[in-house]
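These notes are about the structure you will find just below.
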Amino acid sequence: MIKAIIFDCFGVLTTDGWLKFREQYLMTGSTADHEAVELNHQSDAGLITQQQFVHSVAELAGVDVTVARGIINDQHTSNDQLFTYIKDRLKPEYKIGMLSNVSQDYTAELFTPEQNALFDAKVFSYQVGVTKPHPAMYETIATKLDLLPEECIFIDDREGFVLGAHDVGMQALQYKDFSQFRRQLEMMIH
């Protein structure tokens, strides 16, 4: 029986400035792109600071640090339609979790106090020391929710992270847009 719905942050609950930066300034598959992705993993795992990450990817992309910082850190839009659905439809019946690869807790800056209050537990990669799709990430959020992985559904925009959730026994679905998500989730929980 499903008792919790767990959401990724960037790309699901809010837009993803890092992906926008990559698309705009780094050619997918290039050496610079691979190096930048590795730097992102290091930052998310807490191995380097966010400031070191931004400076390094700005240098790789050949752009000013203020440009990189502005796109990566400041261009986020909350998915208000999803938050309304969580509040009205999901929160009355399920525990709500957040699981994100991130270098620090940005939720107070990204979301309103009311939106943040919807979450029963949050787990961030920098706290765990690894990033999704490492099994410890999914196991940690299930434990914080006081549930087994099998009692959770995980929602992420990246297929590899959805597969990682499946690997530990969670049900999971890939978020593409709100309508697709709602339709698939409703089929899973009924």
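The values are calculated or read from the model by the stated rules, or taken from the named source; none is laboratory data. Everything numeric in this text was worked out from a predicted model, so none of it was measured. Cβ sites come from the backbone with ideal geometry, for glycine too, and all protein chains shown count toward neighbours. In case anyone asks, the SASA skips ligands and DNA or RNA and just uses the protein heavy atoms, side chains included. Shrake-Rupley method; radii C 1.70, N 1.55, O 1.52, S 1.80 Å.
Scanning for something of a type outside the set (Val, Ile, Thr), touching a Cys at 6+ places or on another chain (Cβ under 9 Å) and within 15 Å of GLN50 (Cα to Cα), does the stretch 68-83 turn up at least one residue?
From the stretch 68-83, those of a type outside the set (Val, Ile, Thr) are 68-70, 73-76, 78-83; that's our starting set.
From what is left, the residues that are touching a Cys at 6+ places or on another chain (Cβ under 9 Å) are none.
Within the stretch 68-83, none of the residues are of a type outside the set (Val, Ile, Thr), touching a Cys at 6+ places or on another chain (Cβ under 9 Å) and within 15 Å of GLN50 (Cα to Cα).
For the stretch 92-102, does any single residue satisfy the condition of being over 17 Å from VAL12 (Cα atoms), of a type in the set (Asp, Glu), surrounded by 15 or more Cβ atoms within 10 Å (Cβ to Cβ) and over 14 Å from the mean Cα position of the chain (by Cα)?
For the stretch 92-102, residues over 17 Å from VAL12 (Cα atoms), of a type in the set (Asp, Glu), surrounded by 15 or more Cβ atoms within 10 Å (Cβ to Cβ) and over 14 Å from the mean Cα position of the chain (by Cα): absent.
Restrict the check to the stretch 123-133 and report whether at least one residue is within 23 Å of LEU173 (Cβ to Cβ), aromatic (Phe, Trp, Tyr) and either loosely packed, with under 15 Cβ neighbours inside 10 Å or out of contact with any Ser or Thr (no Cβ under 9 Å at 6 or more places or on another chain) (or both).
No - not one qualifying residue is present in the stretch 123-133.
Please specify each residue of the stretch 161-173 satisfying the condition of being open to solvent by less than 40 Å² (accessible area, probe 1.4 Å) and under 25 Å from GLN81 (Cα atoms).
PHE161, VAL162, ALA165, MET170, ALA172, LEU173, listed by residue number.
Report whether or not GLU114 is modelled with pLDDT of 95 or more, open to solvent by 20 Å² or more (accessible area, probe 1.4 Å) and touching a Pro at 6+ places or on another chain (Cβ under 8 Å).
No.
Looking at (1) at pLDDT below 95; (2) over 12 Å from ILE5 (Cβ atoms); (3) surrounded by fewer than 19 Cβ atoms within 10 Å (Cβ to Cβ), find the lone condition where ILE189 falls short.
For ILE189, the failing item is (2).
Quick check on my filter: what residues within the stretch 157-173 are under 13 Å from VAL12 (Cα atoms), of a type in the set (A, V, I, L, M) and assigned to a helix (DSSP H, G or I)? Quick ask: steps written out before the conclusion?
Initially, the stretch 157-173 is screened for residues under 13 Å from VAL12 (Cα atoms), giving 157-159, 161-162, 173.
Pick out the ones that are also of a type in the set (A, V, I, L, M) and you get 162, 173.
Across the stretch 157-173, the qualifying residue is only VAL162.
Open to solvent by 10 Å² or more (accessible area, probe 1.4 Å), of a type in the set (Lys, Arg) and assigned to a loop (DSSP other than H, G, I, E, B), is that true of LYS176?
On the way: open to solvent by 10 Å² or more (accessible area, probe 1.4 Å): yes; of a type in the set (Lys, Arg): yes; assigned to a loop (DSSP other than H, G, I, E, B): yes.
Yes.
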